[in-house]
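Following: one structure in structure tokens, then a few remarks.
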Amino acid sequence: MNVTVFGATGVVGRALVDPLAEHELTSVSRTARDEPGARWVVADAATGDGVAAALEGAEVVYYLVHSLGVRDFEEQDRVAAETVAREAANAGVEQIVYLGGLGADGPGASPHLRSRRETGQRLASAGVPVTTLRAAMIIGKGSAAFETILGLVKRLPVMVTPSWVSTPTQPIALDDVAHYLAGVCGNEAAFGEAYDTGGPEVMTYRQMIERIAALLGRKPAIVEVPVLTPYLSSLWLNLVTPVNASVARPLVEGLRNPTIAREERIRKLLPLELTPFDEAARRALA
Amino acid sequence: MTGWETSERVLESGGFESRQRVLVVEPMVEASEAGARTLGVTYWQAVDRFTRGVVRASWRGGGGKLKLLGGATLLTFGSPELSFEGGLVSCRYAIEGGLLALRAGGSVTLAQRPEGDQQELSVTVEEYLPRLAARAGAPLWTGMLYAKGQSPFHVAVSRRYFGLLLGSRDS
């Protein structure tokens, strides 16, 4: 099939190259690139520049774009999703595959998770069937959330954390997400469906920090304090991790809500032995 | 959501049993490990929401704590026991201690089961020994904090929990 990937330069986009190798792949980037494994085209979903050309002949579109780090990321995400949805319909695309966020459907979702949910809705607005996969933290090299945790573990022998580090989450290995994303490509059973994708273990962020630290041979002291706002947390993360505060804040706000899979239909559709957390983290650390 | 019922009684063992339930037209969670876990996670979310974060669940290792803002541990729980067989989906937490427990014992079970052509969602506390309740033979007023505080609080949280389950399904 002819597959076009928006967000191809991101962590997930890059991980998709191998699993989608059997397809004719067009990778979309905002700047010109010439890398092996795909045909690269220049387009910007946020402005609409080049989007129609990028979708020419496409049968399946992967939408892996987000605007985290931009002040009005919610508005930008809405506009970008609408643009791609409209142009995909015009181009006769058969399926849009979208990677959203676990926990986005629950009440009281953070602005970031709300935006993920709304992006999915906008992608479906022009009539092309959307397949949504929802994931919590993706354990892979370069994943913003994983790098944030890693930055904390590497830099701080003592961590003062908000009580939200005790929120349960279900991180998933980058390879497993890529497997699921590639598996729904052109799969009519998945048209118009949304699937929760979670790793094999449910844990708190605190447990995640402790396990990554153990893999690195560290044992940080973690002190939970009841009051630490997302704003203060993001400034702190900006100071001590490589992740920018504008990216960290929406992520931190999302920590308040549990991000676990509510259903397991994807495991029946695409059976897979899920990668244990420690193994996924080891790969990401390598 | 119909069929709201709440009941509470003292068992022969001295433990308390409290049960709340509602009926819904379709399953709120899938009959799977994920579905059972969702019942539990949503319940702790309901506690957090109802108290506006003043009381929160905190998980570590094999179990959890219900903590008051400031750090006091109100209740401690064992790890969730998940079940999904024969239409019943449930998540049970053993009560292991905490300020509100006289001693370890009892459990909280969140369940979904078929009830005719509907589904029953329930919260059941069994064999719980509340520290704030009146002891056997003691004047009734000694249990006022439980009767007028903790017990209605628990019922209100259960209502919130049912609402959250329904809300997450509708969204």
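Each reported figure results from applying straightforward, stated rules to the coordinates on display, with no laboratory input. All values reported here derive from a predicted model rather than from experimental measurement. Counting neighbours? That spans all protein chains shown, and the Cβs are built from the backbone with ideal geometry, glycine included.
What to note about this one:
- Of the strands (runs of 3 or more DSSP E) lying entirely inside the range B:1-107, those containing at least 1 residues that are in contact with a helix residue (DSSP H, G or I) (Cβ under 8 Å, 6 or more places away or on another chain) span B:2-10, B:16-24, B:55-60, B:63-68, B:81-85, B:88-97.
- Only one of A:165, A:153 that is within 14 Å of another protein chain (Cβ to nearest Cβ), more than 25 Å from residue A:46 (Cα to Cα) and either assigned to a helix (DSSP H, G or I) or not aromatic (Phe, Trp, Tyr) (or both): A:165
- Across the range B:3-22, the qualifying residues are those that are touching a residue at least 40 places away in the same chain (Cβ under 8 Å) and within 15 Å of residue B:120 (Cα to Cα), and the one among them that is farthest from the chain's Cα centre (by Cα) is B:3.
- For first residues located in the range B:121-146 and under 13 Å from residue B:14 (Cβ atoms), partners that are part of a helix (DSSP H, G or I) and lie 6+ apart or on another chain with Cβ distances below 6 Å form the pairs B:130/B:146; B:133/B:143; B:133/B:146; B:134/B:140; B:134/B:142; B:134/B:143.
For every residue, the table says whether it meets (1) surrounded by 20 or more Cβ atoms within 10 Å (Cβ to Cβ); (2) touching a Leu at 6+ places or on another chain (Cβ under 7 Å).
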{"residue": "B:42", "(1), (2)": "yes, yes"}
{"residue": "B:77", "(1), (2)": "yes, no"}
{"residue": "B:80", "(1), (2)": "yes, no"}
{"residue": "B:83", "(1), (2)": "no, no"}
{"residue": "B:97", "(1), (2)": "no, no"}
{"residue": "B:105", "(1), (2)": "no, yes"}
{"residue": "B:115", "(1), (2)": "no, yes"}
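- Residues that are hydrophobic (A, V, I, L, M, F, W, C) and more than 13 Å from the chain's Cα centre (by Cα) within the range B:51-83 comprise B:54, B:55, B:59, B:68, B:69, B:72, B:74, B:82, listed in sequence order.
- Residue in the range A:114-137 that is more than 14 Å from every other protein chain (Cβ to nearest Cβ), closer than 20 Å to residue B:60 by Cα and not small (Gly, Ala, Ser) present: yes
- Yes/no for residue A:165 being closer than 15 Å to residue A:259 by Cα and in contact with a Phe, Trp or Tyr (Cβ under 8 Å, 6 or more places away or on another chain): yes
- Of all the numbered requirements in (1) closer than 22 Å to residue A:212 by Cβ; (2) surrounded by fewer than 22 Cβ atoms within 10 Å (Cβ to Cβ); (3) under 14 Å from the mean Cα position of the chain (by Cα), residue A:157 misses one, and that requirement is (3).
- Residue B:120 passes every criterion in (1) in contact with a Pro (Cβ under 6 Å, 6 or more places away or on another chain); (2) under 30 Å from residue A:117 (Cβ atoms); (3) of a type outside the set (A, V, I, L, M) apart from (1).
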